[in-house]
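Colleague: Structure in structure tokens, see below.
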Amino acid sequence: MLLAQFTDTHVLERDELQFLDNNASLASIVESLNAETRRPDLVLATGDLTNWGSPAQYELLAELLSPLEIPLLPLIGNHDVRETTRKLWPDAPWADTEHASWVTTRDEVTIIGLDSTDPDTHGAVFDDDRCAWLGSCLSSAPGPVILAMHHPPFTTGVDWMDASGFVGLTEFRRLIAEHSDKLLRILCGHFHRPVTTTVEGVTASVCPGGAYHVGLELHPNAERSVIRDPRGYQLHLLDGTDIVTHTRYVDTGEVAFDPGWT
Ligand SMILES: [Fe+2]
Ligand SMILES: [Fe+2]
């Protein structure tokens, strides 16, 4: 199975810019996904798909995604709106819960989309409802599991991004530790730059952003900074319980060529 992931596209109003043309970046991502020589089976969109969740931004999000020829599973981020996201994808396998989470199975792999958002904050929230729901999904999964969520369940070392916090992180990590033998990967967004770590022994990664990136400043209390690093998406190639991840950039203008080596 080949699973694509893009994240944090922050779709803007028409003709609006936020450091760069986010909507054009998403259009490039869609075009590139459709052109992959091995077609992904599924696309995970790990949240902050719109910039502020306005109806006009959702309208443009739908328009920009309409050429995508691959089934898409959406997660919401702290910039999105639960009900509007559910309405835009009425056929997604939404759980019957207040939080906009879902679970599905493809090729014997259980894929869980956990809504880590709270309408009142930019940080992550893992409350009792979500703990019970995720615990039940993990316990009943018959085989390997991929968990997708917007907020990374770890600190990154970029203090101003980490400051939004993760309420319920101890409980979340307890569940991950309990089911770490089943979990292949935790796939996240929100951080706006690629990063990889382990959470209770499970590899956890953040996909490069679909719009601007966070400046890489690891000294304590660094000022907020962003950077127009190349936008892209990731391709997670699954073979049994092995999973290897590649990054595709969409706006460098480069096309692969024969180097002429013999
Ligand atoms: Fe974001
Ligand atoms: Fe976010």
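Rule-based calculations on the coordinates, nothing more; no lab input. Since the structure is predicted, the reported quantities are computational estimates derived from the model, not experimental observations. Quick reminder, even Gly has a Cβ in these numbers, built from the backbone with ideal geometry, and neighbours come from all protein chains shown.
Colleague: When region 96-125 is examined, which residues are found to be touching a residue at least 40 places away in the same chain (Cβ under 8 Å) and touching an Asp or Glu at 6+ places or on another chain (Cβ under 6 Å)?
Modeller: Val125, the sole residue that qualifies.
Colleague: Can you tell me which of (1) in contact (Cβ under 8 Å) with a residue 60 or more places away in the chain; (2) over 23 Å from Thr252 (Cα atoms); (3) among the hydrophobic types (A, V, I, L, M, F, W, C); (4) outside any loop (DSSP other than H, G, I, E, B) is the one Leu60 doesn't meet?
Modeller: Failed condition: (1).
Colleague: Being surrounded by fewer than 19 Cβ atoms within 10 Å (Cβ to Cβ) and away from ligand 2 (no atom under 16 Å from the Cβ) is the requirement here; does Thr170 meet it?
Modeller: yes
Colleague: Gly77 - would you say it is within 16 Å of ligand 1 (Cβ to nearest atom), of a type outside the set (S, T, N, Q) and more than 17 Å from Gly209 (Cα to Cα)?
Modeller: No: the conditions fail for Gly77.
Colleague: For region 1-51, enumerate the residues that are within 16 Å of ligand 1 (Cβ to nearest atom), outside any strand (DSSP E or B) and of a type in the set (Val, Ile, Thr).
Modeller: Within region 1-51, Thr7, Thr9, Ile29 meet the criteria.
Colleague: Here is a follow-up. Count, please, the residues in region 240-262 that happen to be part of a strand (DSSP E or B) and either crowded, with 17+ Cβ neighbours inside 10 Å or not aromatic (Phe, Trp, Tyr) (or both).
Modeller: Qualifying residue count for the region: 7.
Colleague: Pairs, please: C-beta under 8 Å, at least 6 apart or cross-chain, first residue within 16 Å of His192 (Cα to Cα) and in region 37-56, second part of a helix (DSSP H, G or I) and polar (S, T, N, Q)?
Modeller: Between residues of region 37-56 that are within 16 Å of His192 (Cα to Cα) and residues that are part of a helix (DSSP H, G or I) and polar (S, T, N, Q), the close pairs are Leu49/Thr85; Thr50/Gln57; Asn51/Asn22; Asn51/Gln57.
Colleague: Considering only region 149-166, state which residues are away from ligand 2 (no atom under 13 Å from the Cβ) and not hydrophobic (A, V, I, L, M, F, W, C).
Modeller: Pro153, Thr155, Gly157, Asp159 - these are the residues of region 149-166 that are away from ligand 2 (no atom under 13 Å from the Cβ) and not hydrophobic (A, V, I, L, M, F, W, C).
Colleague: Next up: Restricting attention to region 31-68, which residues are over 20 Å from Cys207 (Cβ atoms) and in contact with a helix residue (DSSP H, G or I) (Cβ under 8 Å, 6 or more places away or on another chain)?
Modeller: Gly53, Pro55, Tyr58, Leu60, Ala62, Pro67
Colleague: Inspect all residues belonging to region 150-157 and state whether any of them is small (Gly, Ala, Ser) and away from ligand 1 (no atom under 15 Å from the Cβ).
Modeller: Checked region 150-157: at least one residue is small (Gly, Ala, Ser) and away from ligand 1 (no atom under 15 Å from the Cβ).
Colleague: Report yes if some residue within region 242-254 is aliphatic (A, V, I, L, M) and more than 25 Å from Arg185 (Cα to Cα); otherwise report no.
Modeller: No, because not a single residue in region 242-254 is aliphatic (A, V, I, L, M) and more than 25 Å from Arg185 (Cα to Cα).
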